[in-house]
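**Student:** Let me give you the structure first, and then I'll get to my questions.
The values are calculated or read from the model by the stated rules, or taken from the named source; none is laboratory data. For clarity, every value in this text was computed on a predicted model and none was experimentally measured. So basically every Cβ, Gly included, is an ideal-geometry build from the backbone, and we count neighbours across all protein chains shown.
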Amino acid sequence: AAEALDLGDHTDHMAKEIEEQPAVVAEILDRIAGRAVDGSMWAGLGLAPFERVAVAACGTSLNAGQVIATALRGLGGVPTDTVVASEADQAVLTPGTLVVAISQSGETADVLRALDRFADRHQVLALTNNLHSSLARRADAVLDCHAGPEIGVAATKTFTAQVVVGVSAMISALVASGRIDRSRALALVGDMQRLPGLLAGAAEASADRIPLLVSSVRDASGFLFLGRGAGLPFAAEGALKLKELSYRWAEAYPAGELKHGPLALVTDGTPVVVVENGEHKIQANVAEVRARGGFVITIGGVGADVPALGRDAGRLLSRRTAVTDQGMSTWGPLESVVPLQMLARELALQLGCDVDKPRNLAKSVTVE
Ligand code: M6R
C-alpha cells in the first residue's frame, strides 16, 4: 500500500496508473496465460457449465464488461447480455445463465443489489480487484484482477486488468466446454501477449501529441466519441473518462447512429473522437463529421501513417492492433484506451481540474 501511495516521478496517481498498464498486463499474462489455454483456469473456479452469460457492473467496470461480452459472443457464439447493475430489476435471466459481476472495489452498492436479485437462481462469478470485498465473499467463484492498488478515482489500470483477466477466463471457459479447441486458444492467448507492447507503444505515440491537440479543443463545451462493433466500449470509456475528469459533456455513440440524431450537434470545431478498429464503414461516418466542420481526433488507424498534427488531423495512435488469423482481435483495440485516458487527463489538467479527485465522485460508491 505504501508503494501505491508513492508517486515517484509522477505528478499524480492517474499518470502513474496509466503508465503501469503494460507492466500490469504482462504480470497478469505471466500468471494466467497457460491456464487460459488448457482450460484449467476455468476448471479451477469450480463452476457448472453455462448456456448464456449476463455481465453486471457500473461505470468503467461496465465498459470492461462490454469488451468481455463482445469477445465472448465473437469467440464462442455465447449469447451474452450486459446489465447496468443499477437497472438489474429490469433484467430477466433464463436458467443456465452465468452472472459475471465486475467491480474493482467489490463494494459498489448497485452491483451488490444486483446480486440480491440474481444470486439465488444463478451462479455468480466475481471479477474484482479486492479479494476481501463484499462481492468476493458473496460470489460462487472469484477472479482477481491483479491490478494492484488504484488510488485515482478515475479507473485506468483496473479497466485494462479486468479486460485481460475477464477475456482470458472466457477463453478458458470456451476451451473447457469444447466451444473452441486448444490451438485456437493458443493463438488468441499468443495475440494477447502482444498487449504490453501495444499499450506501451500507444502511450509513446500519444505523449507528445496530446498536449498540443488538447490546446486546440480546450474551449469546446462538449465532445462526441464514436466507435463501431468491438471499438464501441472503448469510445464509451473515453467519453466517461473525459466527463469525469474535465467536467465537459461527452457522449459516446455507435458511429452509425450519428445520422439518426447526434450529427445535429456537430458544427464548426466540434471535437469528435473516433476509435478506429478496422471497421471500414466508420470512414463514411467520419466524412459526415468533417463535412460539418467537426474536429476529428482519430484513435487508432490500422496500419495508417501518422499525418502531421493539425486541425482535423489529430491521429493519436497509429499501430496495427492485435490481428489473428481470424481477423481483428475480438476483444477490440485495447491499446486505444491509453490515449483516451491521456486525452481526458490532459484536458482536465489544462482546465485546472484535480485529476485524482474529481468533484462529486468517490472511488467506491457504496450508496444506490
Ligand atoms: O468499484 P467499481 O468498479 O464497481 O466502480 C464502478 C464505478 O463507480 C467506477 O468504474 C466509476 O465509473 C469510475 N470512477 C470511472 O472512472
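**Student:** Out of the residues in the range 174-201 meeting the condition of being in contact with a strand residue (DSSP E or B) (Cβ under 7 Å, 6 or more places away or on another chain) and either within 18 Å of A147 (Cβ to Cβ) or surrounded by fewer than 24 Cβ atoms within 10 Å (Cβ to Cβ) (or both), tell me which one is modelled with the lowest pLDDT.
**Tutor:** Checked the range 174-201; the qualifying residue modelled with the lowest pLDDT is D191.
**Student:** Condition first: within 12 Å of the ligand (Cβ to nearest atom) and more than 21 Å from the chain's Cα centre (by Cα). Now tell me which residues in the range 122-133 satisfy that.
**Tutor:** S133
**Student:** On the given criteria, is I68 under 16 Å from T128 (Cα atoms), away from the ligand (no atom under 16 Å from the Cβ), modelled with pLDDT of 95 or more and of a type in the set (A, V, I, L, M, F, W, C)?
**Tutor:** So I68 does not fit the description; no.
**Student:** Pick out the one residue from E17, E51 that is of a type in the set (D, E, K, R) and crowded, with 21+ Cβ neighbours inside 10 Å. Walk me through how you get there before you give the answer.
**Tutor:** Values: E51 fails: crowded, with 21+ Cβ neighbours inside 10 Å.
None of the other options fit; the residue is E17.
**Student:** So, one more: Check off (1) in contact with a strand residue (DSSP E or B) (Cβ under 9 Å, 6 or more places away or on another chain); (2) within 16 Å of the ligand (Cβ to nearest atom) for D356 and give me the number that stays unchecked.
**Tutor:** Of (1) in contact with a strand residue (DSSP E or B) (Cβ under 9 Å, 6 or more places away or on another chain); (2) within 16 Å of the ligand (Cβ to nearest atom), only one is false for D356: (1).
**Student:** Suppose we keep only residues that are buried (at least 23 other Cβ atoms within 10 Å of the Cβ) and more than 17 Å from E346 (Cβ to Cβ) within the range 259-276. Which one would you say is nearest to the ligand (Cβ to nearest atom)?
**Tutor:** Among those that are buried (at least 23 other Cβ atoms within 10 Å of the Cβ) and more than 17 Å from E346 (Cβ to Cβ), it is V275.
**Student:** Among the residues of the range 154-173, are any in contact (Cβ under 8 Å) with a residue 24 or more places away in the chain, more than 16 Å from the ligand (Cβ to nearest atom) and surrounded by fewer than 19 Cβ atoms within 10 Å (Cβ to Cβ)? If you could, list the steps in order and put the result at the bottom.
**Tutor:** To start, the set of residues in the range 154-173 that are in contact (Cβ under 8 Å) with a residue 24 or more places away in the chain comprises 154-173.
With the extra rule that they be more than 16 Å from the ligand (Cβ to nearest atom), the set shrinks to 167-173.
If we keep only those that are surrounded by fewer than 19 Cβ atoms within 10 Å (Cβ to Cβ) as well, we get none.
Checked the range 154-173: no residue is in contact (Cβ under 8 Å) with a residue 24 or more places away in the chain, more than 16 Å from the ligand (Cβ to nearest atom) and surrounded by fewer than 19 Cβ atoms within 10 Å (Cβ to Cβ).
**Student:** Before we move on, is A36 closer than 19 Å to V142 by Cα, without any contact (Cβ under 8 Å) to a residue 60 or more places away in the chain and buried (at least 21 other Cβ atoms within 10 Å of the Cβ)?
**Tutor:** No.
**Student:** With the requirement that a residue be more than 20 Å from T330 (Cα to Cα) and assigned to a helix (DSSP H, G or I), what does the range 42-53 give you?
**Tutor:** A43
**Student:** In addition: Any residue at all in the range 74-83 that is under 19 Å from H146 (Cβ atoms) and touching a residue at least 40 places away in the same chain (Cβ under 8 Å)?
**Tutor:** Looking for residues that are under 19 Å from H146 (Cβ atoms) and touching a residue at least 40 places away in the same chain (Cβ under 8 Å), one finds none in the range 74-83, hence no.
**Student:** With (1) under 23 Å from the mean Cα position of the chain (by Cα); (2) small (G, A, S); (3) farther than 23 Å from R228 by Cα as the list, and G96 as the residue in question, which single condition is left unmet?
**Tutor:** (1)
**Student:** When you scan the range 237-249, do you find a residue that is buried (at least 22 other Cβ atoms within 10 Å of the Cβ), in contact with a helix residue (DSSP H, G or I) (Cβ under 7 Å, 6 or more places away or on another chain) and under 19 Å from S329 (Cβ atoms), even just one?
**Tutor:** yes
**Student:** Just one of A119, A136 is more than 13 Å from the ligand (Cβ to nearest atom) and at negative phi; which is it? Give the derivation first.
**Tutor:** Details: A136 fails: more than 13 Å from the ligand (Cβ to nearest atom).
The match here is A119.
**Student:** For the range 185-214, name all the residues that are free of Cβ contacts under 8 Å to residues at least 40 places away in the same chain and part of a helix (DSSP H, G or I).
**Tutor:** Within the range 185-214, G190, E204 meet the criteria.
**Student:** Just a yes or no: is a residue in the range 217-233 within 16 Å of the ligand (Cβ to nearest atom), in contact with a strand residue (DSSP E or B) (Cβ under 9 Å, 6 or more places away or on another chain) and in a helix (DSSP H, G or I)?
**Tutor:** yes
**Student:** For D89, which of the numbered conditions (1) closer than 25 Å to L131 by Cβ; (2) over 24 Å from the mean Cα position of the chain (by Cα) fails to hold?
**Tutor:** (1)
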